[in-house]
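Have a look at the structure below before the remarks.
The values are calculated or read from the model by the stated rules, or taken from the named source; none is laboratory data. What you are looking at is a predicted structure, and each value in this text was computed from that prediction instead of being measured. For neighbour counting, all protein chains shown are included, and Cβ atoms are generated from backbone atoms with ideal geometry for every residue, glycine included.
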Amino acid sequence: MNTTCETITVPDSDLQASNSENLEFATATECGQRAYNDDAVAVYRATGSDRRYRGSLVAIADGVGSAEAGGAAARAAVSGFISDYYSTPDSWSVKQAAARVLHALNSWLYRQSGGADEVQRGWLTTFSAVVLKGATAHLIHIGDSRIYRLRDGKLECLTQDHSRTLGPGRTFLSRALGMDAHIEVDYRQESLEPGDLFCVTTDGIHDFLPHRQFAHLLTEHQLQAAQPLLAAALDNGSEDNLSLALCRVNVVDSLEAEDVILATSQLPFPPPLQPGNKIDGYEVLQELHASSRSYLYLVRDMTSHALRALKAPSENFSDDPAYIERFIAEEWTGRRLEHPAIVKVFPPRKERKFLYHVLEYVDGQNLRQWMQLNPEPPLNHVRNLIEQLVSALRRLQRLEIVHGDLKPENIMLDSSGRLKLIDLGGANAAGLEELLRYQGSAPPGSKNYCAPEYFCGDAASHRSDIFSLGVIAYELLTGHYPYKERFGSSHYQLKSYASLKYLSARKHRNDIPDWIDGALRRACAPDPKTRYPALSEFVHDLRTPNKRFNTADKPPLMERNPLLFWQIVAALAIFSHLLYFL
């Protein structure tokens, strides 16, 4: 029997259990009856910000034996996933980060194979991983490796094999990394409980262990079950490579919530500040803005003498945990954005004794004030302003962040005419949502700028910000909204996208070309599916006439007026039925 072992590891993982206060790991792999080991297994115990935003993980891959490069594919998948997953932005969720990394790995493996015609010689491998982040296990799976969980003496398989049976003892994989240009990866979440034991295995183990025997060995040996499981599978006739990874949860990790949300939320609100007041090394010079939700002050850093803006929460919400959480989230989001067209958020000082955050001070006016002073500005000037906003929004999109509250009051122009996007209180990122306890607590933005999907109960996306951008461009040019203005402070609800009727910009300003009006119409389309999919397309159509928007070549009626289109279809259907019976 060939028992040569090959283990792919990263720091803090080996064939022995690695001890940790919250998590313990163990891995093992053997060639078994084969001359080569095409399996790869690894664990990664994260620390610091990696632990908070990405979690620790165990991963296993089983190179397809019928593929010449199966072993190389397995090793590339495990090492590449760990390397790239921990390089993704904090603003991405675990699901987003894993999907992006696996799709990139799959494309690379597929290209190494030479495409579909050479798949039999391909770089093919299964891949299964458990990411343990906070109080949640994120399961990622493709192929016929498996993820098990032992809880309270009950062993449960948490994945489904992506394989099909051809006959007795004959199966083939229906899904694997490197098999196709496009892949579908299974993802699910499971809540963690103290004492949970996760076991990730290749088919050389689980195909040769009856469920009862498997559960018995895990229950009896716990984290030391690796060698007993391998030995039992070999005794039961396994002729494949045998690999497994074990992870035991001793304590459910609440570090991320305590560190990011809970600790900061314990800070008291500052009292209303007056010029001359000092707070944590800042001297208040004047109040810049006050609303029912927050205060903004001009302050001087008493150490560097630099001017800053200090944003403090309103005492009206001192007992509202959802509001406090969103206020803290605004600082979290801002500190991850570095862009000249986005206001800078400075890290808090260690001596901070109150809840607030410190921003770059922008000496200028907001876009609303500028619009009042500059009605009907030249088209080229509007293009320039929109392109500056697009530059800021591209930075948000790269980090999978949706601003959610784009409006003239949240855009500043400095003395040189450069734009600054401010107020990230409505911003949402998938990675941020994993930290929040009060999901959906972000209030919708202004009724006249917020995309219709916010009021229809549909999910927001980067196209939601494109809608708001289109409304701003329309208003810059015309001084009006592209849809009937909505008044009042009550919550607004929208029954359907078709109920919104676009008002041509040419009704307000006849020197606007048809193709500009067409670009605005598409940017402001009520249904996100018919909106511009990319900011670059909107910018291009504002600068270059699109023949599609010429008056002589109008968009289809269904796109211009979906409600009228379906009314006509219904009328024709009724008429045809009447003719049939006559």
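Only one of the listed residues (129, 137) is within 17 Å of residue 74 (Cα to Cα), part of a strand (DSSP E or B) and at pLDDT 90 or above. That residue is 129. Please determine whether any residue of segment 333-348 is in a helix (DSSP H, G or I) and surrounded by 15 or more Cβ atoms within 10 Å (Cβ to Cβ). Yes, segment 333-348 contains at least one residue that is in a helix (DSSP H, G or I) and surrounded by 15 or more Cβ atoms within 10 Å (Cβ to Cβ).
Rundown of residues vs (1) at pLDDT below 90; (2) surrounded by fewer than 20 Cβ atoms within 10 Å (Cβ to Cβ); (3) outside the structural domain of residue 315 (by TED's automatic domain parsing); (4) part of a helix (DSSP H, G or I), yes/no style:
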residue	(1), (2), (3), (4)
220	no, yes, yes, yes
223	no, yes, yes, yes
228	no, yes, yes, yes
231	no, yes, yes, yes
237	no, yes, yes, no
246	no, no, yes, no
263	yes, yes, no, yes
267	yes, yes, no, no
271	no, yes, no, no
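Close contacts from segment 31-60, counting a first residue that is in contact (Cβ under 8 Å) with a residue 60 or more places away in the chain and within 24 Å of residue 94 (Cα to Cα) and a second that is surrounded by fewer than 23 Cβ atoms within 10 Å (Cβ to Cβ) and among the hydroxyl-bearing types (Ser, Thr, Tyr), with Cβ to Cβ under 7 Å and a gap of 6+ residues or different chains, come to 41/7; 42/9; 42/13; 43/13; 54/86. Kindly list, by first and then second residue, each pair from a residue in segment 446-471 that is free of Cβ contacts under 8 Å to residues at least 40 places away in the same chain and in the same structural domain as residue 518 (by TED's automatic domain parsing) to a residue that is among the polar types (S, T, N, Q) and not in a helix (DSSP H, G or I), limited to pairs with Cβ atoms under 6 Å and residues at least 6 apart or on different chains. Between residues of segment 446-471 that are free of Cβ contacts under 8 Å to residues at least 40 places away in the same chain and in the same structural domain as residue 518 (by TED's automatic domain parsing) and residues that are among the polar types (S, T, N, Q) and not in a helix (DSSP H, G or I), the close pairs are 455/493. Considered as a group, the residues in segment 544-561 that are at pLDDT 70 or above and assigned to a helix (DSSP H, G or I) include one that is farthest from residue 499 (Cα to Cα), and that residue is 547. Answer yes or no: is there a residue in segment 351-361 that is within 23 Å of residue 300 (Cβ to Cβ), surrounded by fewer than 21 Cβ atoms within 10 Å (Cβ to Cβ), over 20 Å from the mean Cα position of the chain (by Cα) and of a type in the set (Lys, Arg). Within segment 351-361 (the criterion being within 23 Å of residue 300 (Cβ to Cβ), surrounded by fewer than 21 Cβ atoms within 10 Å (Cβ to Cβ), over 20 Å from the mean Cα position of the chain (by Cα) and of a type in the set (Lys, Arg)), the answer is yes, since at least one residue qualifies.
Conditions (1) part of a loop (DSSP other than H, G, I, E, B); (2) exposed (fewer than 12 other Cβ atoms within 10 Å of the Cβ); (3) modelled with pLDDT under 80; (4) outside the structural domain of residue 389 (by TED's automatic domain parsing), marked per residue:
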residue: 492; (1), (2), (3), (4): yes, no, yes, no
residue: 495; (1), (2), (3), (4): yes, yes, yes, no
residue: 506; (1), (2), (3), (4): no, no, no, no
residue: 537; (1), (2), (3), (4): no, no, no, no
residue: 542; (1), (2), (3), (4): no, no, no, no
residue: 576; (1), (2), (3), (4): no, yes, yes, yes
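Could you say whether any residue in segment 524-532 is within 16 Å of residue 467 (Cα to Cα) and more than 31 Å from the chain's Cα centre (by Cα)?
No: zero hits.
Looking across segment 349-386, the residues that are assigned to a loop (DSSP other than H, G, I, E, B) and of a type outside the set (Lys, Arg) come down to 351, 354, 355, 356, 361, 362, 363, 374, 375, 376, 377, 378.
When 59, 76 are checked against the criterion of being small (Gly, Ala, Ser) and under 23 Å from the mean Cα position of the chain (by Cα), a single residue qualifies: 59. Put simply, of 65, 71, 32 the only residue that is of a type in the set (Gly, Ala, Ser), crowded, with 20+ Cβ neighbours inside 10 Å and part of a loop (DSSP other than H, G, I, E, B) is 32. The lone criterion from (1) out of contact with any helix residue (DSSP H, G or I) (no Cβ under 6 Å at 6 or more places or on another chain); (2) assigned to a helix (DSSP H, G or I); (3) surrounded by fewer than 18 Cβ atoms within 10 Å (Cβ to Cβ) left unmet by residue 392 is number (3).
In segment 345-358, which residues are within 13 Å of residue 307 (Cβ to Cβ) and either at pLDDT 95 or above or in contact with a Phe, Trp or Tyr (Cβ under 6 Å, 6 or more places away or on another chain) (or both)?
Step one: filter segment 345-358 for residues within 13 Å of residue 307 (Cβ to Cβ), giving 346, 358.
358, the sole residue that qualifies.
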